[in-house]
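The values are calculated or read from the model by the stated rules, or taken from the named source; none is laboratory data. All of these numbers come straight from a predicted model, not from anything done at the bench. Backbone-built Cβ (ideal geometry, glycine too); neighbour counts: all protein chains shown.
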Amino acid sequence: MNIFDFGVLTNWFDNLLESVMPSWAATVVECVIIGVLLLAVYSVLALFYIFYERKLCAWFQCRLGPMRVGPWGVLQSFADMFKILIKELIRLENIDRFLFALAPYLVIVASMLSFAVLPWGKGLQIIDFNIGVFFMIAASSIGVLGILLAGWSSNNKYTLIGAMRSGAQMISYELSVGLSIMTMVVFAGTMSITGLVEAQADGWFIFKGHLPAVIAFIIYLIAATGETNRGPFDLPEAEHELTAGYHTEYSGIHFGFFYLAEYLNLFIVSGIASLMFLGGWMPFHVPGWEGFNAIMDYIPSVVWFIGKAFFVSFIIIWFKWSFPRVRIDQLLALEWKYLMPIGLFNLVLMTLVVVYGLHF
Amino acid sequence: MELSVFGIQSTTLMVVALITGLGLVAAALVIAGLISPRSFSLQKGKAYECGVETRGESMMQFKVGYYLFAILFLMFDVETVFLFPWAAICRSLGPDGLISVGVFLCVLILGLAYAWRKGALQWK
């Protein structure tokens, strides 16, 4: 395994800084660099995802999608972002101003925290707790608070219904996400994200983990679609019924934050799927094919991680344009009567597999 | 503590990510406030509706169904919190660990079955 270790690069930079300035100043500079990088990657990725979904949605419907701004319309979402930045922020009457202003902060912070946990490559991970997976679940569930506050504080019936639906949906599907992640934690025996990825060096979990891993992956994909409020589970923003759901009253960049966080959440759930099931930044190896494996090793780890995440996102976007929207009772029945019991039994199955060593 | 990129503690970097998130929202709002146009109209401040005035209070009581699911969620989420430490060391516990957590899971599945039987999972 000769994947490039980014730790070499960061250590060299760290030593370089330490040699020209005191230790605390070096730490401050590094923190600022990390913050700026995080901000840049976060916004560029969200903008790219908006473009990605618009293009895919167009191709699924035999259209071209955005074509005017830049080659193949790649600059379209940048143009949209600047447009949204110069839109008026409308001052509303009869709203709860504090909660109304607080909601976008919660939504963005939740997605930023879980975004920082994702491993981009070897030695290229910002937050690396030994309970990283647990932290990620905890951080991403702050987002639902922001959505509930946004809907409640807007003092509008559409937003209230949208927020309530979103609350019920997100907390329900979070259980299945947690259970399928726990199934893989049982298999790996660690909650640290580095540990999870390292454990997949000799084969991705979806190949190593037998049937329970495949079931967990399918449950995870469905539940992640539900948790990010994406179609066919996009009830909170069902535009035919609720105009725009919980962010109906938000205007200008205020609305932009919800939009940004929504697309970033799509990337985050795809990133978690690729790290739990598809080997994170580990290259694809076929046992016995030495030449093939050597070529796969030459592809940088960052490319592997982003490629896998884009692949999972592609599947989730595909869901949206293939299935009609479900009703709220169908949505909750799917979670509580199917995914949740199956997830619990799958957990027991995985434990049996692990305890009696039935895996590869 | 666990060290991450540049050998900085992960807790510190968590705070950095937190501040970055807050900074993103605050900075974008300041920029938008500086360059966006401002206008005043009595109609603009009204709640977004289909053309007629909203009737009655909007911050009102809502369907109890959502509340029931929130309570069920609480039960199973706490269960998840209890199960995670077991999940991490499940391999080394062996069959004994499986039996003891099996009892725990059985009680929870019974709870889910009870809620199901009582019709709490039925959207009314």
Among B:Gly23, B:Gly45, which is within 8 Å of chain A (Cβ to nearest Cβ) and either within 24 Å of A:Ala26 (Cβ to Cβ) or of a type outside the set (Gly, Ala, Ser) (or both)? B:Gly23
Of residues in region A:316-330 being assigned to a helix (DSSP H, G or I) and more than 9 Å from chain B (Cβ to nearest Cβ), the one nearest to the chain's Cα centre (by Cα): A:Ile316
What number goes with the only condition from (1) surrounded by fewer than 18 Cβ atoms within 10 Å (Cβ to Cβ); (2) among the aliphatic types (A, V, I, L, M); (3) more than 9 Å from chain B (Cβ to nearest Cβ) that A:Val36 does not pass? (3)
Residue that is at pLDDT below 90 and more than 9 Å from chain B (Cβ to nearest Cβ), where the choices are A:Gly203, A:Gly189, A:Gly123, A:Gly167: A:Gly203
Looking at (1) modelled with pLDDT of 85 or more; (2) at the interface with another protein chain (Cβ under 8 Å from one of its Cβ atoms); (3) out of contact with any helix residue (DSSP H, G or I) (no Cβ under 7 Å at 6 or more places or on another chain), find the lone condition where B:Ser92 falls short. (1)
In region A:236-262, what count of residues is obtained for those that are outside any helix (DSSP H, G or I) and at pLDDT 80 or above? 4
Would you check which residues across region A:43-70 are part of a loop (DSSP other than H, G, I, E, B) and in contact (Cβ under 8 Å) with a residue 40 or more places away in the chain and list them? A:Gln61
Quick check on this structure: which one of A:Leu196, A:Leu264 is farther than 28 Å from A:Val348 by Cβ and either in contact (Cβ under 8 Å) with a residue 24 or more places away in the chain or surrounded by 22 or more Cβ atoms within 10 Å (Cβ to Cβ) (or both)? A:Leu264
Out of (1) under 17 Å from A:Gly167 (Cβ atoms); (2) more than 9 Å from every other protein chain (Cβ to nearest Cβ), what's the single condition that is false for B:Phe104? (1)
Determine whether region A:85-103 contains at least one residue that is surrounded by fewer than 17 Cβ atoms within 10 Å (Cβ to Cβ), without any contact (Cβ under 8 Å) to a residue 12 or more places away in the chain, within 9 Å of chain B (Cβ to nearest Cβ) and among the charged types (D, E, K, R). yes
Taking region B:48-68 and the residues there that are among the acidic types (Asp, Glu) and exposed (fewer than 14 other Cβ atoms within 10 Å of the Cβ), the one that is nearest to the other protein chains (Cβ to nearest Cβ) would be B:Glu57
Residues in region B:69-89 that are within 8 Å of chain A (Cβ to nearest Cβ) and under 18 Å from A:Val133 (Cβ atoms) total 8
Given the criteria without any contact (Cβ under 8 Å) to a residue 24 or more places away in the chain and within 14 Å of chain B (Cβ to nearest Cβ), does A:Pro236 qualify? no
Condition set touching a residue at least 60 places away in the same chain (Cβ under 8 Å), among the β-branched types (Val, Ile, Thr) and outside any loop (DSSP other than H, G, I, E, B), scope region A:125-153, selection surrounded by the fewest Cβ atoms within 10 Å (Cβ to Cβ): answer is A:Val133
From A:Ile161, A:Ile181, which residue is surrounded by fewer than 24 Cβ atoms within 10 Å (Cβ to Cβ) and either of a type in the set (Val, Ile, Thr) or part of a helix (DSSP H, G or I) (or both)? A:Ile161
Going through region B:107-124 in order, the residues found to be surrounded by 12 or more Cβ atoms within 10 Å (Cβ to Cβ) and over 30 Å from A:Ile161 (Cα atoms) are B:Leu108, B:Ile109
Counting only residues in region A:206-231 that are at pLDDT below 85 and over 30 Å from A:Pro283 (Cβ atoms), the one surrounded by the fewest Cβ atoms within 10 Å (Cβ to Cβ) is identified as A:Gly231
